[in-house]
Structures are given as structure tokens and as C-alpha cells.
Amino acid sequence: MRARAATLPDASLLARYAPADTEAGRGNYVDCFRAEIDAFVDLESYVTAFYCTPLFRLERIILARLLRRPSTDDDAIAIAEGAARSFAAWSVEARIADQLLMCAVDNRTRSWFMVRHSSNGTVLFFGSAVLPPPGEQSGGPLANFLYRAALPLHRVYSVLLLGAAQRKLVRDRKKQRTE
């Protein structure tokens, strides 16, 4: 199954940022995407695959140049395995057995990973949260326009990233079986 938009699971670490009628969620943007793989995939393998896809490596190059935050595949593996607390432009905000929530250096953006196992394999979840600046429910008219205009691109990019991780996991599984 291809990566697609999904409902954010209630038990997700990202749910704390979901827009709601409460003051805490007002102005936040939260999304969730899912893909399936017909094999058991643990969180560590998923996060490693995600951060080590060619598509995300390109993002890592951009982050290294623009933010002076270089990262390697070994750094990705360390964050996936829980041996590091930061990776590129993110640090670990929360982690449980099946989920990882990362906070970007701007403290306004979150990236979330989750695996859910079933008898058919594993559902891979990926989501993001973008919070308004502290003390603001939204920016000015231009900031709001740019923000809304960027969301469709963000959604497409998220689906591409999740799909790339899914394909990498499938390829890695096939490669392991032939070795």
C-alpha cells in the first residue's frame, strides 16, 4: 500500500499538539500519514530507513549547508537506536517503545514516527506538527498566506518521505533474504 494521509492515533505522542478547542492546540498544524509493509519492522529500523533514504539525505545536505548542522548515516542510526539525543536539526522530545517524537531547533516543528504491528505486518506512521510562534495564535496576513501556501507542498513531501522509507525497508528485507 502506498503512503497516504491518515487519522492521527489517539495514543500518539504527536496528539498533544493536535488542534483542539483548548488553548494549547489553537493555531497548530498537525498531520499524519501511514504506509504498510508485510513484515515486522521495529521502530529503530523504520527511523533508520527514513533518515537514510536518498530523499532525506538530500535534506540533510541542505541542513548541513544552511543551518551548519551536518549529519551522517551513523548519526541517523544512533538516533534510531536511542544512543543519541539529537540528529541534524532535531532533538528527541519523547520516545516510547513504538514511537519517536523529534523537536526541531526552531522549537516550533515536530516530526513523529510510530510503528503498529499486526498479523499482516507493520503500519508505519509519520506525522508533523507546526506550532505558531510563542504568544501568537497566528502570524500577520503575509505570514499566514505563506504558511497556508506551503502546506500542500509539505504534505506531498511527507508522503514522498514515508514512501521512500517504505520502499527502502522492502528492498532491505529482500536483500537480507538473498544474502
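The values are calculated or read from the model by the stated rules, or taken from the named source; none is laboratory data. Every value quoted in this text rests on a predicted model; they were computed, and no experiment measured them. These area figures cover heavy atoms from the full protein model, side chains too; ligands, DNA and RNA do not enter into them. Shrake-Rupley method; radii C 1.70, N 1.55, O 1.52, S 1.80 Å.
Summary table below
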read-out	value
Within the accessible area of the stretch 1-136 (1.4 Å probe), percent carbon and sulfur	52 percent
The chain, helix-only ellipticity at 222 nm - DSSP H runs n ≥ 4, -39,500 (n - 2.57), divided by all residues, nearest 500	-13000 deg cm²/dmol
Reduced Cα scattering model of the stretch 1-80, Debye log10 I(q)/I(0), q = 0.14 Å⁻¹	-0.70
Surface per residue (accessible, 1.4 Å probe) for the chain, Å²	55 Å²
Order of exposure, largest accessible area first, which applies to Trp90, Trp112 with probe 1.4 Å	Trp90, Trp112
Cα-based Rg of the chain normalised by 2.2 N^0.38 Å, two decimals	1.04
